[in-house]
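Asks: Below are the structure tokens for one structure; questions will follow.
Computed from the coordinates by the stated procedures, all read-outs in this text should not be read as laboratory data. As the structure is a computational prediction, the values presented were derived from the model and not from experiment. Here the Cβ positions follow ideal geometry from the backbone for every residue, glycine too, while neighbour counts run over all protein chains shown.
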Amino acid sequence: MQPVAVPANKNKRLTLRDIAKIVGVSASTASRALNNNSAISEEIRRKVNKAAKDANYIPNTLARGLALQRSQLIGLLVPSIANPFFAEILRGAHDVAQQKSYVVALCDTQRDKEREELFSERLLQSQVDGIIVTGSVMLEDRLIEWRKRNIPVVFAGRRSAGMRFSGVSVDDVSAGYQATRYLIDKGHKKVLFFGGKQDSAATRDRQRGYLDAVESLGLSPSVSYGDYGMESGFREAAKVAQGKDRPDAVFAANDLMAIGLIMGLANLGVKVPEDIAVMGCDDIAMGALIRPALTSVRIPMYEIGVRAMGLLLHELEVGQTGPAESILLDCGLVIRDSA
């Protein structure tokens, strides 16, 4: 059967049925083709997409959402979009969402509980289909409320702390241990752990790994805290350089603090790594560009975002019928010049 050509009409907005007629398939087949459904052959998908492009077809996402009882909107909460760690997670999540015709609503909470509450309420009002939570402190009662409303929640870059939500993370205890053990094996005996905010699960786990490495060799631990920002690392440099019991190495819980620390030490005339070695964690792109280039623990940030969005969309498809799934990705040392 020959495809039926639909006459061009500038005053008429083409519908999905019009596109289906052009190609000679059913409207449901055309819909699945436009949404990259794997059940549709590559040839049909190519024809449908070409017909839609040639006709300047604009999908009616509102109608589609009403038909599917979905908004096609995913909420993503991050504590700081200025931190490249979360920006990379967002990039991975967004790439997967775009492939599946979902839109990501970014909520930058700035680690503020009131902002979290506000964004949470706005997401509910927008009838989001699901939510991805990164390193925010997220109130437990809010998570429970989402669950009662059957809104899937997936954690990215952190674990769900017994809440039985699916998530994608790395073994931060192992990251802390690997970093600290590397510094000790290089001959450093006074290793300072410079953590982020103390209510952060990543800081707690990386500190646990640090303590495991230090205590296993009978060394004395030393701990200080910042706020994950570069400025807090710069401020810490004065304490490190001028302290009575100056460390010979510092393991910072993220790269931004490590970079700020290196800059602050350089400003005070302290050489890295000759006087004090510095190790970061995350392996953001900026770390390879500073001098000395930052030794770090690589966290697969983009992959965390990709896998987290994949888990969330899967839960939407199956209706959260299965048990929570926890994916633990590998991390490893990236040796450069700062340590």
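Asks: If amide H atoms are built 1.01 Å from N in the plane of the peptide, which residues on other chains or at least 5 residues away come under 5 Å of the amide H of Ala277?
Replies: Correct list: Ala249, Val250.
Asks: Shifting gears a bit: Which aspartates and glutamates, on any chain, are close to Lys244 with Cα under 17 Å apart, when same-chain ones fewer than 8 places away are left out?
Replies: Glu236, Asp275
Asks: Right, something else. Mind checking the dipole of the chain: about its Cα centre, +1 per Lys or Arg Cβ, -1 per Asp or Glu Cβ, Debye to the nearest 20?
Replies: 1280
Asks: Here is a follow-up. Students often check this: by mean Cβ neighbours within 10 Å, which of 20-32, 41-53 ranks highest, and how do the rest follow? Show your work: numbers first, answer last.
Replies: On the way: 20-32: 18.5, 41-53: 15.6.
Sorting 20-32, 41-53 by mean packing, highest first, produces 20-32, 41-53.
Asks: Near Asp245, within a Cβ-to-Cβ distance under 13 Å, what is the net charge of the other residues, with Lys and Arg +1 and Asp and Glu -1? Let's see the in-between values first.
Replies: Working: positive: Lys189, Lys190, Lys239, Lys244, Arg246; negative: Asp248.
Spelling it out: positives minus negatives among the neighbours equals +4.
Asks: With just the Cα atoms of the chain, tell me how far they stretch along each of the three principal axes, in Å, largest first.
Replies: Answer, in whole Å and largest first: 84, 40, 32 Å.
Asks: Could you state the number of Å between the C-alpha centres of the range 291-323 and the range 243-261?
Replies: Taking the Cα centre of each part, the range 243-261 and the range 291-323 sit 28 Å apart.
Asks: Go ahead and set up a Gaussian network model of the chain, Cα springs under 10 Å, then flag whichever of Ile131, Ile40, Ile81 fluctuates most.
Replies: Highest fluctuation of the listed residues: Ile40.
Asks: Moving on to the next point. Can you list residues from other chains, or at least 5 along the same chain, whose modelled amide H is less than 5 Å from the amide H of Val103?
Replies: Long-range HN contacts for Val103: Leu73, Ile74.
Asks: Ranking request for peptides 256-264, 217-225: highest mean number of other beta-carbon atoms within 10 Å first, then the rest in descending order. List each step's numbers first, then the result.
Replies: Details: 256-264: 25.6, 217-225: 13.2.
Output ranking for 256-264, 217-225: 256-264, 217-225.
Asks: On alpha-carbon atoms, Rg over Rh for the range 172-298 using Kirkwood Rh? Walk me through the intermediate numbers first.
Replies: Details: Rg = 12.7 Å, Rh = 13.8 Å.
Dividing the radius of gyration by the Kirkwood radius yields 0.92.
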